[in-house]
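Note sheet for the following structure.
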Amino acid sequence: MRTILVANIKGGCGKTTIATHLAAAYAAAGHSTALADVDRQRSSLGWLARRPAAAPALVGLDWAKDLSDAPKGIQRLVIDAPAALKTKQIEDLVRMADIVVLPVLPSAFDEQATQRFLGKLEELKSIAKHRKAVAVVGNRLRARTKAADRLDQFLGGVGHSVVARLRDSQIYADAAASGLSLFDLTGKRAAEHCADWDPLLSYIETA
């Protein structure tokens, strides 16, 4: 089983969007996949509740109170972590994960919070000694804007692999409202945005 932790201490940076899309991508590829929601708001589980029966199946795990083992036979486990993680929570979740996916928005506030979170991660031996990878993802980017340019400068100095840059688009919100992801949609527009995810999916499998 490969376990992917999606985390950042900054709220609103797109953790749930990325977690649900990763889970949906794995399910669409034929992997037996579980999506664990650690956030008390249970946004990922709410998305799962809206998911059509015809969409590739996913197992939802409510970890808001206690962490538990994934069911037998699960090949991919995606963990949607809450913001404002305590040190013990970070340690426990990172210990379970094979890789940490860290989304960051083009915002000075997000960059500052992300830098603090990376500092906390680097205090853990598994991260400091590169036994576990951290994949930084630039999220909701708009090309040719000052915010995107500033984020690129920030990402160039974080000291971890920046593996994907995801464009800002209403298509994400439209899909989420129906319990779907880009990987569940057809059409040229969805395919173009799905291509943004290819570097991240490849990195997770090889890291």
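With contacts taken as Cα pairs under 8 Å and at least 6 residues apart, region 1-49 reaches a relative contact order of 27 percent.
When you filter the trypsin sites (Lys or Arg not before Pro) in region 92-132 for DSSP loop state and at most 14 other Cβ atoms inside 10 Å of their Cβ, you are left with Lys129, Arg131.
At a probe radius of 1.4 angstrom, the accessible area of region 164-206 per residue rounds to 50 square angstrom.
Shown for the chain: lysine pairs separated by 8 or more places, or found on different chains, whose C-alpha atoms are under 15 Å apart, numbering 9. Rounded to the nearest 20 debye, the dipole magnitude of region 85-207 is 320 debye, with +1 charges on Lys and Arg beta carbons, -1 on Asp and Glu beta carbons, and the Cα centre as origin.
Protein heavy-atom surface of region 81-207, 1.4 angstrom probe: 51% of the accessible area is carbon and sulfur, with nucleic acids and ligands not counted.
Helical content alone sets the calculated 222 nm signal of the chain at -11500 deg cm²/dmol, taking -39,500 (n - 2.57) per DSSP H segment of four or more residues and averaging over every residue. Taking the Cα centre of the chain as origin and assigning +1 to Lys and Arg Cβ atoms and -1 to Asp and Glu Cβ atoms, the resulting dipole is close to 220 debye.
The values are calculated or read from the model by the stated rules, or taken from the named source; none is laboratory data. Predicted, not measured: the structure shown is a model, and the values here were computed from it. Backbone-built Cβ (ideal geometry, glycine too); neighbour counts: all protein chains shown. Only protein heavy atoms, including side chains, enter the accessible area calculation; ligands, DNA and RNA are left aside. Shrake-Rupley method; radii C 1.70, N 1.55, O 1.52, S 1.80 Å.
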